[in-house]
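Read the structure below first, then the notes.
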Amino acid sequence: MTKRISSAVGQIAESATLAVDAKAKALQAEGLNVIGFGAGEPDFATPAHIVEAAIDACSDPKYHRYSPAGGLPALKEALSAKTMRDSGLDVPAGQFLVTNGGKQAVFNTMMTLLDPGDEVLLPAPYWTTYPESIRMFGGIPVEVFAGADQGFRVTVEQLEASRNERTKVLVFVSPSNPTGAVYRREEIEAIGRWAVENDIWVITDEIYEHLVYGDAVHHSMPVLVPEILEKCVVLNGVAKTYAMTGWRVGWMAGPPDLIKAASNMQSHATSNVCNVAQIAATAALNGELDDVNAMRAAFDERRVTIYQMLNDIDGVVCLEPQGAFYAFPSMQGLIGRKVAGREVESTLDLATVVLEEANVAFVPGEAFGAAGYARFSFALGIDDLIEGINRIAELVES
């Protein structure tokens, strides 16, 4: 009997972050007061000038029809200007591919680069989509773990120890989802030089570039190590910076041959991204960053609050997040204890108990290759954040 589901798709697990968010929303729909720390989604409305641009585009018949599969020319020009403005990276408009959100940029890149058996160095903790997209196209994710003792930042020595003749790609993310870590300039330079010396592609995800706090600074690897440009793909999108998760506009930038190949593939897979969403993204990129700065200030307040409150819970230890909008505490001190009279043997158990007993949702670290840790998004209102952490504290300390 033939298999109903292909091996490639059958091996893929549901997105843990979206699953937690869906469960929280389902319980909310039943009337429960559930506080969700699961989804990496800003709680702000998309800025008004972006929405207005989309409204205008809806009335223009030229946006009612197919457009170039790789992206509207105006948006690609805006991407080129924005990348130079924000990163100091000079990428011509023709070397961008506009995608249906950041996730399609990830899948496009893996599909274009990987052959079966190629190994991809994947620093852990990692975003849940990365290993699944690697496996989908026959690649082999090779986890390189850096815990809290390293500030969740891998070293060149660790990468070199994991490299072999099958290593083709390194995934590099700073600021990090899920940990909130931001690599230092000298660390990025060292990793970039190592990749060049060993002829390894780098996929660098910069979607949280504007969300850094305190003394932390975002640096784009190909700016610091220009030699890597011929084997580097930069991923980004409007979702996090401009509170546009539902608009589904991301992009990839890279060498002309890779972008051409990925564009050919996308022309068959999805064709163009929604024109109205592309116009909205163009308005976002061409506009001022006042709204972005206001959102970042709110995230910063929440960052400090959740960091302090988590560390006040007996059994929880949290590094101060430097970027993105995630705290990634160690919950090891709660493992092996009873919580609400129930045995807790893992962070998976703990997440279940906390959701069912306190109506608070967070994502256990197992989803990110980091058992014993947990991800808390602080992209929610400060009052809910305080209430949610207080509920957990009361539950585990009762």
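The values are calculated or read from the model by the stated rules, or taken from the named source; none is laboratory data. All figures in this text were calculated on a predicted structure; none of them were measured in a lab. Note that each Cβ is placed from the backbone with ideal geometry, even for glycine, and that neighbours are counted across all protein chains shown.
Could you identify the single residue in Ala243, Ala216 that is of a type outside the set (D, E, K, R), surrounded by fewer than 23 Cβ atoms within 10 Å (Cβ to Cβ) and touching a strand residue (DSSP E or B) at 6+ places or on another chain (Cβ under 7 Å)?
Just a single option satisfies the conditions, and that option is Ala216.
Can you give me the ranges of the helices (runs of 4 or more DSSP H) entirely in the stretch 282-398 with at least 1 residues that are closer than 30 Å to Leu97 by Cα and not assigned by TED's automatic domain parsing to the domain that holds Gly237?
Values: elements: 290-311, 347-358, 382-397.
Answer list for the stretch 282-398: 290-311.
Got at least one residue in the stretch 221-232 being closer than 30 Å to Ala297 by Cα, out of contact with any strand residue (DSSP E or B) (no Cβ under 9 Å at 6 or more places or on another chain) and assigned by TED's automatic domain parsing to the domain that holds Met84?
yes
Looking at the stretch 260-276, which of the residues that are of a type in the set (A, V, I, L, M, F, W, C) and surrounded by fewer than 23 Cβ atoms within 10 Å (Cβ to Cβ) is farthest from Thr46 (Cα to Cα)?
Our first condition is that a residue be of a type in the set (A, V, I, L, M, F, W, C); within the stretch 260-276, this holds for 261-262, 265, 269, 273-274, 276.
Now restrict to residues that are surrounded by fewer than 23 Cβ atoms within 10 Å (Cβ to Cβ): 261, 265, 269, 274, 276.
Details: Ala261: 33, Met265: 30, Ala269: 28, Cys274: 17, Val276: 14 Å.
The residue in question is Ala261.
Please indicate, with yes or no, whether at least one residue in the stretch 111-125 is assigned to a helix (DSSP H, G or I) and more than 25 Å from Ala253 (Cβ to Cβ).
No, that holds for no residue.
On the given criteria, is Val360 modelled with pLDDT under 95 and buried (at least 17 other Cβ atoms within 10 Å of the Cβ)?
no
Only one residue in Ser263, Ser267 is among the small types (Gly, Ala, Ser), farther than 16 Å from Pro175 by Cβ and in contact with a strand residue (DSSP E or B) (Cβ under 6 Å, 6 or more places away or on another chain), so which one is that?
Ser263
Please state which of the following conditions Tyr373 fails to meet, knowing it meets all the rest: (1) among the hydroxyl-bearing types (Ser, Thr, Tyr); (2) over 24 Å from Ala26 (Cβ atoms); (3) modelled with pLDDT under 95.
The one condition Tyr373 does not meet is (3).
Taking the criterion of being of a type in the set (Ser, Thr, Tyr) and without any contact (Cβ under 8 Å) to a residue 12 or more places away in the chain, would at least one residue in the stretch 352-359 satisfy it?
yes
If you take the residues in the stretch 15-73 that are touching a strand residue (DSSP E or B) at 6+ places or on another chain (Cβ under 9 Å) and among the basic types (Lys, Arg), which one is farthest from Thr352 (Cα to Cα)?
Lys25
Does Phe299 meet the test of being under 23 Å from Arg184 (Cα atoms), surrounded by fewer than 23 Cβ atoms within 10 Å (Cβ to Cβ) and aromatic (Phe, Trp, Tyr)?
Spelling it out, Phe299 is indeed under 23 Å from Arg184 (Cα atoms), surrounded by fewer than 23 Cβ atoms within 10 Å (Cβ to Cβ) and aromatic (Phe, Trp, Tyr).
Test each condition in (1) surrounded by fewer than 21 Cβ atoms within 10 Å (Cβ to Cβ); (2) farther than 22 Å from Asn164 by Cβ; (3) not charged (D, E, K, R) for Gly70 and report the one that comes out false.
Unmet condition: (1).
If a residue has to be touching a residue at least 60 places away in the same chain (Cβ under 8 Å) and assigned to a helix (DSSP H, G or I) to count, how many in the stretch 126-139 make the cut?
5
Which of the numbered conditions does Asn100 fail, given that it passes all the others? Conditions: (1) among the polar types (S, T, N, Q); (2) surrounded by fewer than 23 Cβ atoms within 10 Å (Cβ to Cβ); (3) in contact with a helix residue (DSSP H, G or I) (Cβ under 7 Å, 6 or more places away or on another chain).
Of everything listed in (1) among the polar types (S, T, N, Q); (2) surrounded by fewer than 23 Cβ atoms within 10 Å (Cβ to Cβ); (3) in contact with a helix residue (DSSP H, G or I) (Cβ under 7 Å, 6 or more places away or on another chain), Asn100 misses just condition (3).
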